[in-house]
Amino acid sequence: MLITEKGDGAAFEVINDKEGRFTWKGIYVFVIDYDGTMLARSFRTDKVVGKNFLEWKDKSDPPKYPIQEMIVLAKTKGEGWVEYMYPKPDGDYKVSSKKISYIQAVPGRNMFTGAGIYE
């Protein structure tokens, strides 16, 4: 895993590169710590990195708290899928679409990585 190989700073720099290898056709990698803070993401980086999303709820009916669900999954199972509603990167940011993300805990660290696809 890039984070364990290169360290946070170097790994986050690579992940945050919107033209880099962790972004492809609307799919991007993100890193979130167990407090809910976005540590790295190559899409809308300036808007989200450093911000806390623990209490963010999606537009499902009833609303879900996807970041909380991801944290629980990372802590308990280490990896898995989370389904939620989120705006597509190439669309109207006010309209949410169904998204499913695969998350994986970073071994020995209080964070996880994830990437998702839209339906």
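Applying a threshold of 6 Å to beta carbon distances and a minimum spacing of six or more residues, or different chains, the list of pairs starting in region 49-63 at a residue that is in contact (Cβ under 8 Å) with a residue 12 or more places away in the chain and ending at one that is surrounded by 13 or more Cβ atoms within 10 Å (Cβ to Cβ) and assigned to a loop (DSSP other than H, G, I, E, B) reads Asn52/Gly36; Phe53/Gly36; Leu54/Gly36; Asp58/Lys64.
Of the residues Leu39, Leu73, which is surrounded by 18 or more Cβ atoms within 10 Å (Cβ to Cβ), in contact (Cβ under 8 Å) with a residue 40 or more places away in the chain and either touching a strand residue (DSSP E or B) at 6+ places or on another chain (Cβ under 9 Å) or not aromatic (Phe, Trp, Tyr) (or both)? Just one listed residue meets the conditions, Leu39.
Annotation: of all residues in region 1-53 being over 19 Å from Gly78 (Cα atoms) and among the aromatic types (Phe, Trp, Tyr), the one that is modelled with the lowest pLDDT is Phe43. Looking across region 77-119 at every residue that is at positive phi and open to solvent by less than 30 Å² (accessible area, probe 1.4 Å), the one that is farthest from the chain's Cα centre (by Cα) is identified as Gly78.
Would you say Lys47 is assigned to a helix (DSSP H, G or I), basic (Lys, Arg) and within 19 Å of Arg109 (Cα to Cα)? Steps first, please.
Working: assigned to a helix (DSSP H, G or I): yes; basic (Lys, Arg): yes; within 19 Å of Arg109 (Cα to Cα): no.
For Lys47, the condition - assigned to a helix (DSSP H, G or I), basic (Lys, Arg) and within 19 Å of Arg109 (Cα to Cα) - is not met.
Kindly provide the set of residues from region 54-68 that are acidic (Asp, Glu), modelled with pLDDT of 95 or more and surrounded by fewer than 17 Cβ atoms within 10 Å (Cβ to Cβ), ordered by number. Talk me through it step by step, then tell me what you get.
If we filter region 54-68 for residues that are acidic (Asp, Glu), which is where we start, we get 55, 58, 61.
Narrowing the set further to residues that are modelled with pLDDT of 95 or more leaves 55, 58.
Listed by number, the list holds a single entry, Glu55.
The values are calculated or read from the model by the stated rules, or taken from the named source; none is laboratory data. On a predicted model such as this, the values are computed, not experimentally measured, just so you know. So basically every Cβ, Gly included, is an ideal-geometry build from the backbone, and we count neighbours across all protein chains shown. Accessible surface is based on the protein model in full, side chains and every heavy atom, while ligands, DNA and RNA are left aside. Shrake-Rupley method; radii C 1.70, N 1.55, O 1.52, S 1.80 Å.
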